[in-house]
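Trainee: First the structure, then my questions, so here it is.
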Amino acid sequence: MRDILPLPCAVKGGDADGFKLKTFLGHQCDLHPHVGAHEQHLRARLALLKKVRAALNPGGRVVVQEFAIDASRTKPPQAALFSVNMLVNTPGGRCYAPGEIKGWLKEAGYRGIKAERFEEAVLITGGK
């Protein structure tokens, strides 16, 4: 069984992050080049997640990486500032709270959706 994992997640952080990531995923994964959800409209994000789900092996999972931002999208400050930057400089982007991303995965047909916080980032996974 293999997962599709955004490349920055696989190489970011030191040994502690690497160990936590391996523990979180639990097995080998395929690496997928990072495609930022920050700059896409909802329709484009859902279409991408549906294509990824169709390409997954049975039992495979997708991992979405996002800045760890709260539901109000105001904390922590660095994530909120990046979100404002994406809002101003892209046609449909900003940072998304874990609950929003879980909703996309559910709508795209994923199961067993869960989130794990990694310092300034959050990983949300969903299975086929």
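The values are calculated or read from the model by the stated rules, or taken from the named source; none is laboratory data. Quick caveat: nothing in here was measured; it's all calculated off a predicted structure. Every residue, glycine among them, receives a Cβ derived from its backbone with ideal geometry; neighbour counts consider all protein chains shown.
Trainee: Does the stretch 25-41 hold any residues that are out of contact with any Gly (no Cβ under 7 Å at 6 or more places or on another chain) and either of a type in the set (S, T, N, Q) or modelled with pLDDT of 80 or more (or both), and which are they? So that I can check it myself, show each step before the final result.
Mentor: From the stretch 25-41, those out of contact with any Gly (no Cβ under 7 Å at 6 or more places or on another chain) are 25-37; that's our starting set.
If the condition is that a residue be out of contact with any Gly (no Cβ under 7 Å at 6 or more places or on another chain) and either of a type in the set (S, T, N, Q) or modelled with pLDDT of 80 or more (or both), then GLN28 is the only one that fits.
Trainee: Among the residues of the stretch 78-100, write down those that are assigned to a helix (DSSP H, G or I) and within 14 Å of the chain's Cα centre (by Cα).
Mentor: Matches in the stretch 78-100: PRO98, GLY99, GLU100.
Trainee: Step by step: first the residues of the stretch 89-120, then only those that are hydrophobic (A, V, I, L, M, F, W, C) and in contact with an Asp or Glu (Cβ under 7 Å, 6 or more places away or on another chain), then the one that is farthest from GLY59 (Cα to Cα). Which residue is that? Spell out how you get there, then give the answer.
Mentor: Applying the first criterion (hydrophobic (A, V, I, L, M, F, W, C)) to the stretch 89-120 yields 95, 97, 101, 104-105, 108, 113, 115, 118.
Checking which are in contact with an Asp or Glu (Cβ under 7 Å, 6 or more places away or on another chain) leaves us with 95, 97, 101, 118.
Numbers: CYS95: 28, ALA97: 25, ILE101: 20, PHE118: 24 Å.
Looking at residues that are hydrophobic (A, V, I, L, M, F, W, C) and in contact with an Asp or Glu (Cβ under 7 Å, 6 or more places away or on another chain), I get CYS95.
Trainee: Within the stretch 102-123, take every residue that is of a type in the set (A, V, I, L, M) and at pLDDT 90 or above and give me the one that is surrounded by the most Cβ atoms within 10 Å (Cβ to Cβ).
Mentor: Looking only at the stretch 102-123, we keep the residues that are of a type in the set (A, V, I, L, M), and these are 105, 108, 113, 115, 121-123.
With at pLDDT 90 or above added as a condition, the list becomes 105, 108, 113, 115.
Values: LEU105: 23, ALA108: 19, ILE113: 19, ALA115: 16.
Among them, the one singled out is LEU105.
Trainee: To continue, here is another question. Check ALA97, ALA115, ALA80 and return the single one that is more than 19 Å from GLN40 (Cα to Cα), among the aliphatic types (A, V, I, L, M), without any contact (Cβ under 8 Å) to a residue 60 or more places away in the chain and touching a Lys or Arg at 6+ places or on another chain (Cβ under 9 Å).
Mentor: Values: ALA97 fails: more than 19 Å from GLN40 (Cα to Cα); ALA80 fails: more than 19 Å from GLN40 (Cα to Cα).
Matching residue, one of ALA97, ALA115, ALA80: ALA115.
Trainee: Looking only at the stretch 70-97, how many residues end up being under 13 Å from GLU120 (Cα atoms) and either at pLDDT below 85 or among the polar types (S, T, N, Q) (or both)?
Mentor: Looking only at that region, the number is 1.
Trainee: Return the total of residues in the stretch 101-122 being in a loop (DSSP other than H, G, I, E, B) and of a type in the set (Val, Ile, Thr). Steps first, answer last, please.
Mentor: Restricting attention to the stretch 101-122, the residues satisfying the condition of being in a loop (DSSP other than H, G, I, E, B) are 108-110, 119-120.
Pick out the ones that are also of a type in the set (Val, Ile, Thr) and you get none.
Matching residues across the stretch 101-122 total 0.
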